[in-house]
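Heads up, the thing below is written out as structure tokens.
The values are calculated or read from the model by the stated rules, or taken from the named source; none is laboratory data. These numbers come from a predicted model, not from an experiment. Neighbour counts run over all protein chains shown; Cβ positions are idealised from the backbone, glycine included.
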Amino acid sequence: MDYRELLESIVADVRALTAQGAVADYIPALANVPRERCGIAVATVGGAVFSAGDADVPFSIQSISKLFALALALQREGDDLWRRVGREPSGTPFNSLVLLERERGIPRNPFVNAGALVIADVLCRRYLQPERAVLEFVHRLLGSTHVAIDAAVARSERLHSDRNAAIAHFMKSFGNLDGDVAQLLDAYCAQCAIAMSCRDLARAALFLAADGVQSPGIAVLDAPAARRVNAVMLTCGAYDASGDYAWRIGLPTKTGVGGGIVAIAPGRLAICAWSPALDAAGNSIAAAAAVERFAAATGLSIF
Ligand code: DON
């Protein structure tokens, strides 16, 4: 199947939507990314890659990094990880604190910031340079070291990380964080500042479409673990918009405030779309529309 023409027509279709919404500015370094950027790439389990628009332009992957951090933490900890973080949708924004007091510092899932901070804490205990460990994990997935952390974005977020600091300290007060909060925030902000293109992200996420196998002989996760990551993506990957995404797209997805969305069609392919302007839930308007159109045109919804 050659998706090139379909992807070209999708980018042409959704470009008008790049005028809607707002580019994230609570991380100042993200505010200047041109809102008209729009790209899409598809990587198939057969090894083909198709793309259109700005698919080769690196952008800040932000919360999409939570996917790689989770896979790496699962590799290291296995199911013990689920004692410290749940796997239920939160129904709250990605940076909310409200459930943490009621639920004694155990975050609802690994994709809200609280859950991702717990995962980062696990990686801080396992690695001297946890953000390098996430980056090198991505390098292994791609078979290439061209992807890097954008130090300016990492610094910019770190200087404005009061909300995440509050979440981390609050969880620590319940005994659900082991390490030093300042070091944790350094690692988390650097991990979120990894810059990748749609093409890189579609390729890097392929193991989730292939029962945990990235390429012949390279198993990232065992099949049950990979399926479970997809399940958490479907139910929690777009925060309080996850139900709407299941309804509109019908595929496991993970979004980031850089404007990227990764979606998985199990057994078939991984997709990444990117456009910087976001809706009120912090997810890209044009990128979601692009993935929605792709799923509709190909009939790849899992439902
Ligand atoms: O922690 C933060 O706020 C950012 N580094 C990541 C948030 C994010 O990408 C939410 N996704 N849509």
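Could you list all residues from segment 235-277 that are more than 16 Å from the ligand (Cβ to nearest atom) and in contact with a strand residue (DSSP E or B) (Cβ under 8 Å, 6 or more places away or on another chain)?
LEU251, ILE264, ALA265, ARG268, LEU269, ALA270, ILE271
Would you check which residues across segment 96-141 are in a loop (DSSP other than H, G, I, E, B) and closer than 18 Å to GLN62 by Cβ and list them?
Result: SER96, PRO107, ASN109, PRO110, PHE111, VAL112.
What is the residue count in segment 278-303 for residues that are more than 16 Å from the chain's Cα centre (by Cα) and either small (Gly, Ala, Ser) or within 16 Å of the ligand (Cβ to nearest atom) (or both)?
Counting residues in segment 278-303 that are more than 16 Å from the chain's Cα centre (by Cα) and either small (Gly, Ala, Ser) or within 16 Å of the ligand (Cβ to nearest atom) (or both) gives 10.
Which of the residues that make up segment 169-223 are in contact with a helix residue (DSSP H, G or I) (Cβ under 9 Å, 6 or more places away or on another chain), among the small types (Gly, Ala, Ser) and at positive phi?
Listed by number, the list holds a single entry, GLY212.
So which of ARG108, ARG83, ARG87 ends up being basic (Lys, Arg), within 16 Å of the ligand (Cβ to nearest atom) and surrounded by fewer than 24 Cβ atoms within 10 Å (Cβ to Cβ)?
ARG108
From ALA182, ALA187, ALA204, ALA210, grab the single residue that is touching a residue at least 40 places away in the same chain (Cβ under 8 Å) and more than 30 Å from GLY46 (Cα to Cα).
ALA187
Taking ARG15, is it assigned to a helix (DSSP H, G or I) and of a type in the set (D, E, K, R)?
Against the criterion (assigned to a helix (DSSP H, G or I) and of a type in the set (D, E, K, R)), ARG15 qualifies.
Residue-by-condition table, conditions (1) within 30 Å of ALA31 (Cβ to Cβ); (2) outside any helix (DSSP H, G or I):
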position	(1), (2)
CYS189	yes, no
ALA195	yes, yes
LEU201	yes, no
GLN214	no, yes
ARG227	no, no
SER242	yes, no
TYR245	yes, no
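Tally up the residues in segment 23-48 that are hydrophobic (A, V, I, L, M, F, W, C), within 16 Å of the ligand (Cβ to nearest atom) and surrounded by 14 or more Cβ atoms within 10 Å (Cβ to Cβ), please.
Here the count works out to 6.
Taking LEU177, is it within 16 Å of the ligand (Cβ to nearest atom), assigned to a loop (DSSP other than H, G, I, E, B) and within 25 Å of TRP82 (Cα to Cα)?
Yes; evaluated as a whole, the condition is true for this residue.
What pairs come out if I take residues in segment 24-50 that are hydroxyl-bearing (Ser, Thr, Tyr) and pair them with residues that are modelled with pLDDT of 95 or more and within 16 Å of the ligand (Cβ to nearest atom) whose C-beta lies under 9 Å away, six or more apart or interchain?
TYR26/ASN95; TYR26/GLU157; TYR26/HIS160; TYR26/ARG163; TYR26/VAL257
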